[in-house]
Every structure is written in C-alpha cells, then in structure tokens.
Amino acid sequence: MRKRFSERYRFVKIRDSFQINSMDDGLKNRLWNIIKNIFIDTLETNYYDQDIVSPQTKEDKEFIVSIYDKFFKDNVDPLEYTRRDIRDDLKKRYFNFQWFDIYDFLEFLAEIYYSTPLDFYKKTNQVLEEEMSGYRFVDNYIAPIIDEIEIKEVESALESEYSGVRRHLSLALELLSDREKPDYINSIKESISAVEGVAQHLTGLKKDLGACVKVMKLDIQKQFIKTLSELYSWTSREDGIRHTYTGEELKTSFEEAKYMLVTCSAFVNYMIAKKGTE
C-alpha cells in the first residue's frame with residue numbers, strides 16, 4: 001500500500017532531526033559501548049578472570065586515577081577497584097550524565113588516555129553521524145557541525161509561502177535525517193529542487209534552474225547568480241545527483257547533503273527577501 005501524503009511529506013523540523021541540545025537513549029547507549037570496548041575492556045589485569053582484579057600496568061592505573069581525580073574530583077586514596085568495579089561504577093555515573101557531560105567525558109578520555117586509538121575517533125564520529133548528533137570529533141575536540149545561524153536559515157525556508165518549496169526542503173531534511181537508511185543523493189536533489197522551485201515562482205517560467213537564473217529580474221549581484229549557476233551545475237553533472245543513476249558509486253556524504261540543505265535554504269530565503277524589496 002502506498003504511503004499517505006502525510007507520511008510522505010510530514011514536514012519534519014530541523015531541531016527534531018539533529019540532536020543538538022539533547023541526546024536520546026540510542027545515542028547515549030552506543031557511545032557508552034564505544035567507551036566500554038575501547039577504554040575499559042582493554043584494561044590489562046593479567047589474571048584468568050580479568051574482571052575480578054585491578055588493572056596491573058602503570059599506564060592503566062594512572063588512567064583510572066586520572067578519571068576519578070581530574071574528571072570526577074573524587075578521593076582516590078585508596079583506589080583499588082577491580083575492572084568489574086570500574087566498569088559498573090563508570091556505567092552508573094555515565095547514565096546519570098546530562099547530554100553535555102557525555103561530550104565532556106569523551107573529550108576527557110581522548111585527552112588523558114596514554115595511547116588513544118584512531119579507531120576511537122572514527123567509531124565515535126560514525127555513531128554521531130548515524131544518530132544525527134549535531135557534533136563531531138574535530139582535532140580531538142567535540143565541535144558543532146551545525147550552528148544556530150544554519151538552523152534558523154533552514155527553519156525560515158521551511159516556513160516559505162510556497163508549498164512546493166516547503167515540500168522539497170522538508171523531504172531533503174527527512175532523507176538526510178533518516179537514521180536507518182539516509183539518502184544523501186536524493187536529499188541533495190530535493191534541496192536544489194527547492195531553489196529551482198522558488199526561481200520558477202519568481203520568474204513565472206516552468207523551466208530548470210539554469211534557465212530561470214538567466215532571466216531573473218531581481219536586483220541580485222552577478223556573483224550570486226554565478227554561484228547559484230555553479231551550484232546547479234554541480235548537482236547536474238554527468239556522474240550523478242540529478243541524472244539517472246548509472247550504477248557507479250556516487251561519492252556523496254552527510255557533510256555534502258547537510259551543506260546543500262543549509263545553502264539552498266539560504267538561497268531560498270535570499271531570493272524571497274529580494275523579491276519583497278522590488
């Protein structure tokens with residue numbers, strides 16, 4: 001059975017799609033799994049039942065002491081936790097964290113661990129992307145990959161007076177934020193289609209964006225028109241995006257799809273604003 005209109009075009013909100021000022025259970029659980037697997041389960045104990053003795057190496061002992069001393073600021077004298085104790089205690093503390101405390105903890109672990117594996121950054125960023133977090137590890141720091149200005153641009157465009165434009169941007173956001181099977185290629189298509197839609201409204205032409213831009217009568221700087229044309233040309237290149245899929249892998253990522261959503265939203269807002277000043 002076909003999806004209903006309301007299911008196909010449910011007009012998701014950008015703040016509901018990105019985890020920016022919150023963290024759901026799925027993201028929290030998956031980040032804990034990484035911490036446990038990389039930093040706790042690898043503590044060396046040199047014993048047949050490794051969970052019932054304390055970490056044995058100097059590096060591991062210093063690592064654990066640093067967590068309790070520098071992060072939790074607890075009394076570490078004496079600190080004779082077994083690996084099981086450490087895992088259970090850190091898990092209890094972790095799941096009582098606020099969302100921002102978890103990002104603090106991730107940064108702290110990466111900073112103090114004596115040999116932080118590159119796998120940690122890669123796995124963490126993969127989970128953050130898959131769970132639509134608004135943050136990533138960048139140069140050992142957790143940094144936002146979408147800011148308040150970008151959010152407002154998208155929100156403003158989603159409130160456009162043109163229903164077709166709203167539909168394209170809503171679909172772009174929905175395809176980008178699908179946690180099970182994100183579709184970056186079609187998200188980009190919908191983003192640029194929103195710009196094409198508003199250009200058609202402003203020019204009265206039912207042609208593609210390239211043709212609309214050439215006859216656009218708004219008082220828009222030539223450099224803007226050039227940028228808009230180049231953006232459209234990129235999405236219309238022979239190896240993908242707006243052309244028939246040829247079977248070859250298209251190198252399109254979350255970063256490109258997010259960039260296109262924000263950029264096209266800004267273009268939509270700009271052109272509508274210019275129309276209002278004519």
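Summary table
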read-out: Matching residues in region 37-58 - criterion: being modelled with pLDDT of 85 or more and surrounded by fewer than 16 Cβ atoms within 10 Å (Cβ to Cβ); value: ASN37, ASP41
read-out: Residue that is surrounded by the most Cβ atoms within 10 Å (Cβ to Cβ) [pool: residues in region 124-144 that are part of a loop (DSSP other than H, G, I, E, B) and modelled with pLDDT under 90]; value: ASN140
read-out: Residue list for region 71-91, restricted to those being within 20 Å of THR42 (Cβ to Cβ) and either in contact with a Lys or Arg (Cβ under 8 Å, 6 or more places away or on another chain) or in a helix (DSSP H, G or I) (or both); value: PHE71, ARG83, ARG84, ASP85, ILE86, ARG87, ASP88, ASP89, LEU90, LYS91
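To keep it simple, each residue is scored yes or no on (1) at pLDDT 90 or above; (2) in a helix (DSSP H, G or I).
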| site | (1), (2) |
| --- | --- |
| PHE108 | yes, yes |
| THR116 | no, no |
| LEU173 | yes, yes |
| GLU180 | no, no |
| LYS189 | no, yes |
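The values are calculated or read from the model by the stated rules, or taken from the named source; none is laboratory data. For clarity, every value in this text was computed on a predicted model and none was experimentally measured. We place every Cβ from the backbone using ideal geometry, glycine too, and count neighbours over all the protein chains shown.
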